[in-house]
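The next block holds one structure in the form of structure tokens; read it before the comments.
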Amino acid sequence: MKNKIEMGLRIVIGALLLMSGLNKFFNFMPTPEMTESAGLFMMALGETGYIFPVIAIIEIVGAGLLISGKMVPFALVILAPIMVNIALLHIVLDPAGMGMALFLIATTGWFAWNRKESFVGLFE
């Protein structure tokens, strides 16, 4: 049962990340409403010209790994900075979206906890 729940959550999180990553290239979903400070922050990131494509590639690769179930610990490692920044954006600048951010953090944290033996080498 636990494996089926995890597989379902991996697919859901992977699909969310895949859609988010692809949207950064193809703009097929509207940008959600944000507070002024969050909007300014996102515009500043966009002005760099490289941040959003890099984030998109990481999201797409991480999503593919989560959906396939291959190299899930690696997917969690490369996605961790993105997940933390999603959470911080909503905690600090745009609390309205905090529900989804907390879901992403809680779910990926649960995946990592279930694979804690894969991360032992990172903390030696």
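Note on region 86-124: residues that are buried (at least 17 other Cβ atoms within 10 Å of the Cβ) and more than 17 Å from the chain's Cα centre (by Cα) amount to 1. Annotation note: Cβ proximity below 8 Å between a residue of region 50-73 that is at pLDDT 95 or above and a residue that is part of a loop (DSSP other than H, G, I, E, B) (sequence gap 6+ or interchain) occurs for Leu65/Met71; Val72/Arg115; Pro73/Arg115. From the list Gly62, Gly39, the one residue that fits, being surrounded by fewer than 17 Cβ atoms within 10 Å (Cβ to Cβ), in a helix (DSSP H, G or I) and among the small types (Gly, Ala, Ser), is Gly39. Looking at Gly8, is it over 12 Å from the mean Cα position of the chain (by Cα), within 14 Å of Thr107 (Cα to Cα), loosely packed, with under 15 Cβ neighbours inside 10 Å and without any contact (Cβ under 8 Å) to a residue 60 or more places away in the chain? Yes; evaluated as a whole, the condition is true for this residue. When Lys70 is tested against the conditions (1) among the basic types (Lys, Arg); (2) in contact with an Asp or Glu (Cβ under 9 Å, 6 or more places away or on another chain); (3) exposed (fewer than 13 other Cβ atoms within 10 Å of the Cβ), the lone failure is (2).
Filtered by the rule that a residue be among the hydroxyl-bearing types (Ser, Thr, Tyr) and within 18 Å of Glu33 (Cα to Cα), region 94-124 gives no residues. A search for C-beta distances below 6 Å between a residue of region 18-45 that is among the basic types (Lys, Arg) and any residue that is in a helix (DSSP H, G or I), counting only pairs 6+ apart in sequence or on different chains, returns Lys24/Phe52; Lys24/Ala56. Leu79 meets each of the listed conditions (1) buried (at least 18 other Cβ atoms within 10 Å of the Cβ); (2) without any contact (Cβ under 8 Å) to a residue 60 or more places away in the chain apart from (2).
The values are calculated or read from the model by the stated rules, or taken from the named source; none is laboratory data. Not measured: the values here are computed from a predicted model. A quick note on method: Cβ atoms are made from the backbone with ideal geometry, for glycine too, and the neighbour counts reach across all protein chains shown.
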